[in-house]
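The structure appears below as structure tokens.
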Amino acid sequence: MIEFYQVTKRYPGGQLGLDDVSLQIPKGELVFLTGPSGAGKTTFLKLIYREEMASEGYILVNGRNVSNLPERKVPYLRRTIGVVFQSFRLIPRKTVFENVSYLPRVLGLDAKQQRKVAYDTLRRVGLAHRMNAFPMQLSGGEQQRVAIARALINRPDILLADEPTGNLDPELSEEILRLFLEINLEGTTVIFATHDRGLIRRVGRRVLTLEDAKLRRDEHLPGEMVPPAPRRRSEPEAPPDASPEMESAGLSEPVDADPIGAGA
Amino acid sequence: MTFLQALLYFTREASVNLIRGWKVSLLAILTITLSLFLTGSFFLVSSNLSQLTKTWRGESKVVVYFAPGTDSAARDRVRGEIAAAAWSGEVSEVSPEQAATRFRSAFPSLEDLLEGWGDEPLPASLEIQVDWSTVDGEAMRADLETLRTDPVVDMVDDDRDWLAQLETAVLLLRGLALVLGGVLLLTAVFTIASIIRLTAYLYHDEIAVQRLVGATEFFIRGPFYIEGLLQGLLGGTLAAASLALGHWLALRRGDGLLVSVLLERFLVPSQLLLLVTLGGLAGLFGAVASLRKESLGRTAEVPDGGWEEEV
Ligand SMILES: Nc1ncnc2c1ncn2[C@@H]1O[C@H](COP(=O)(O)OP(=O)(O)O)[C@@H](O)[C@H]1O
Ligand SMILES: [Mg+2]
């Protein structure tokens with residue numbers, strides 16, 4: 001359960017990141033967060049895992065006030081929240097495995113367990129075969145999936161994804177979307193920030209629309225997409241990696257690229 | 001994660017960092033080495049000197065020379081007075097004859113000198129061993145002054161006078177070693193601190209990510225602390241090794257009295273251990289100093305240069 005009570009975020013310099021936002025997101029819900037660039041999507045997410053602090057109002061995560069959480073307790077909050085950062089934030093000098101298994105290591109899992117959870121999680125995003133590669137050796141889409149795997153590794157209560165399909169071709173976007181739906185079905189609360197209206201339209205669900213730091217709309221949209229496909233567990237490993245160019249070439253179906261406010 | 005596991009992980013990370021940035025690491029290590037080497041050398045020389053003065057002190061004595069012609073009654077009186085004093089140990093009387101014999105055996109070629117002085121060419125004297133461990137310097141000084149005014153006493157010879165000067169020199173040397181060593185060690189701490197800060201700055205983004213995915217400060221800082229500690233320990237070990245090497249070389253090549261006196265004994269293992277420990281502490285201290293407060297880049301990052309611009 002995530003609750004915002006009249007939350008305002010003012011950045012140093014006076015820039016408004018979020019303006020008087022109140023809402024509740026029940027446990028286990030999947031919510032889309034949308035709005036044009038600069039609307040406050042990233043700010044909204046950062047406030048939840050305490051990368052930023054609210055200037056006014058307060059935020060409860062699972063009943064705990066995140067705003068006055070002592071600094072030393074922040075890591076424990078963050079361990080229950082998986083975050084897919086907008087720019088991945090992978091550690092360049094560490095392998096995919098090391099990137100993904102950092103939190104398990106912090107939590108004291110032994111090397112074998114680390115390897116197992118990392119392998120299982122990377123399999124879910126179709127990258128188990130790239131475990132020993134360095135981020136620089138991966139395409140943007142692959143890096144994005146590593147970032148997703150890292151967010152999922154500790155089976156978080158809450159999954160925050162900041163434009164997780166922003167760098168993926170439509171096919172992969174849909175796959176990732178399916179993955180998120182699947183994770184949501186397992187009981188994880190998911191907040192999915194995207195300006196890809198097409199993607200939202202396919203799934204439906206609750207959609208929060210931010211604009212100029214304000215919550216403009218909070219609505220339920222019907223979806224077109226069939227319920228999430230069964231897990232790909234039984235399927236073979238993802239095909240060998242294609243270069244980004246190849247990935248974006250030969251798209252099966254053009255996705256409605258209609259980012260709100262883009263270019264406006 | 002247990003503390004031991006964490007320590008192992010920290011050590012691994014720190015070693016990787018050390019090796020990856022070996023040039024800067026070497027700089028830090030050598031600064032520590034230099035400062036500890038110099039401190040150690042001073043310490044080595046001064047402890048040899050102080051050992052020497054201790055030996056001399058143990059053998060030193062006070063000699064009271066009687067005026068010529070002092071009779072045995074007067075000599076016994078003085079001897080009794082001295083024996084009663086708390087500072088005096090064994091007292092032995094050297095008669096003029098004994099003195100002459102000694103002189104002859106010590107300087108056979110000068111034997112003729114004694115002939116011209118009649119019956120009593122050398123004065124009788126009292127040699128007093130002094131128990132330096134229990135001696136009360138003030139009382140002794142006062143007693144010796146009284147003795148000097150005694151009409152039958154010609155002269156009082158006190159080894160302490162020049163020993164005290166030597167001891168002052170040793171003390172000065174020690175002080176110099178302490179000050180110099182302290183200053184140099186401080187330099188080493190600063191060097192290590194800047195190097196650790198540099199490393200932390202280099203890995204600023206990495207550290208931010210570690211923090212964002214839920215690592216504790218302990219876990220984030222641990223590798224840096226161990227890095228400083230390792231640098232310090234390496235520097236200390238290197239200093240101890242070069243001291244040993246330098247000592248060996250000096251003894252082998254130098255044959256002067258000075259070398260053998262000043263370098264006679266090497267530092268004992270516990271002193272070497274102290275040197276290494278000091279290095280480790282300096283390194284650790286440097287790391288702690290460099291990671292104080294916000295220096296690990298706790299502030300929020302620049303806004304994402306994200307994908308909004310792309311359609
Ligand atoms: N660290 C920051 N410092 C100052 N202003 C910021 C910072 N981060 C975001 N902002 C501002 O806050 C507003 C919302 O930004 P953001 O949450 O990143 O929007 P979105 O993710 O929807 O593109 C923007 O006007 C942006 O310029
Ligand atoms: Mg954003």
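No lab work stands behind these numbers, since they all come straight from the coordinates. Just so it is clear, the structure is predicted and the values come from calculations on it, not from any experiment. For neighbour counting, all protein chains shown are included, and Cβ atoms are generated from backbone atoms with ideal geometry for every residue, glycine included.
Taking label points 7 Å from Cα along the Cα-to-Cβ direction, B:LEU178 and B:SER72 give a separation of 5.4 nm. Against chain B, whose longest principal axis comes from its Cα atoms, helix B:217-253 is set at around 40 degrees. A straight chain from B:PHE266 to B:ASP157 at 0.36 nm per residue would run longer than the Cα-Cα distance by 35.8 nm. Largest GNM mean-square fluctuation across B:PRO96, B:PRO223, B:PRO108, computed for chain B with C-alpha springs under 10 Å, falls on B:PRO108. When the Cα gyration tensor is reduced to axis lengths a ≥ b ≥ c, the ratio a/c is 1.5 or higher for chain B, and with a/b above b/c it is classed as prolate. Computed from backbone phi, the HN-Hα couplings of the range A:117-128 come to 5, 5, 4, 4, 5, 5, 4, 4, 9, x, 10, 4 Hz, rounded to whole numbers (Karplus: 6.51 cos²θ - 1.76 cosθ + 1.60, θ = phi - 60°; Gly and Pro given as x).
Computed over the protein assembly as shown, the alpha-carbon pair-distance distribution with 20 angstrom bins reads 16, 32, 19, 14, 11, 8, 1, each value a whole percent. Label-to-label distance for A:ARG206 and A:ARG115 is 4.2 nm, based on points extended 7 Å past Cα in the beta-carbon direction. A Förster radius of 45 Å, combined with the Cβ-Cβ distance separating A:GLN137 from A:GLU186, puts the computed FRET efficiency at roughly 0.90. Cross-link partners among lysines for A:LYS9, C-alpha distance below 20 Å, same-chain residues fewer than 8 apart left out? Correct list for A:LYS9: A:LYS41, A:LYS46, A:LYS214.
All Cα-Cα separations within the range B:188-286 were binned at 10 Å from zero, giving a P(r) of 15, 31, 23, 16, 9, 5, 1, each value a whole percent of the pairs. Normalised by residue count, the range A:2-248 yields a Cα convex hull volume of 133 Å³ per residue.
Counting 0.36 nm for each residue step from B:GLU127 to B:THR168 and taking away their Cα separation leaves a gain of 12.2 nm. Counting only lysines at least 8 places from A:LYS112 when in the same chain, those with an alpha carbon closer than 22 Å to its own are A:LYS94. Rg over Rh for the range B:61-158 works out to 1.02, using Cα positions for both radii and the Kirkwood form for Rh.
In this label model, A:GLN15 and B:ALA241 are separated by 5.2 nm, measuring between points 7 Å along each Cα→Cβ vector.
Counting Cβ atoms of other protein chains within 10 Å of each residue's Cβ and taking the mean over peptide A:74-81 gives 4. In this structure, B:LEU251 and B:LEU4 have a Cβ-Cβ separation that, at R0 = 51 Å, corresponds to a calculated FRET efficiency of about 0.75.
Pull out a ≥ b ≥ c, the square roots of the eigenvalues of the alpha-carbon gyration tensor of the range B:1-48, then state rounded if a/c is under 1.5, prolate if not and a/b is larger than b/c, and oblate in the remaining case. Oblate is the answer for the range B:1-48, as a/c is 1.5 or above yet b/c matches or exceeds a/b.
Computed extension gain for B:TRP22 through B:ALA86, at 0.36 nm per residue and net of the alpha carbon distance, reaches 16.7 nm. Take the Cβ atoms of B:SER105 and B:THR277, set R0 to 51 Å, and the FRET efficiency comes out at 0.45.
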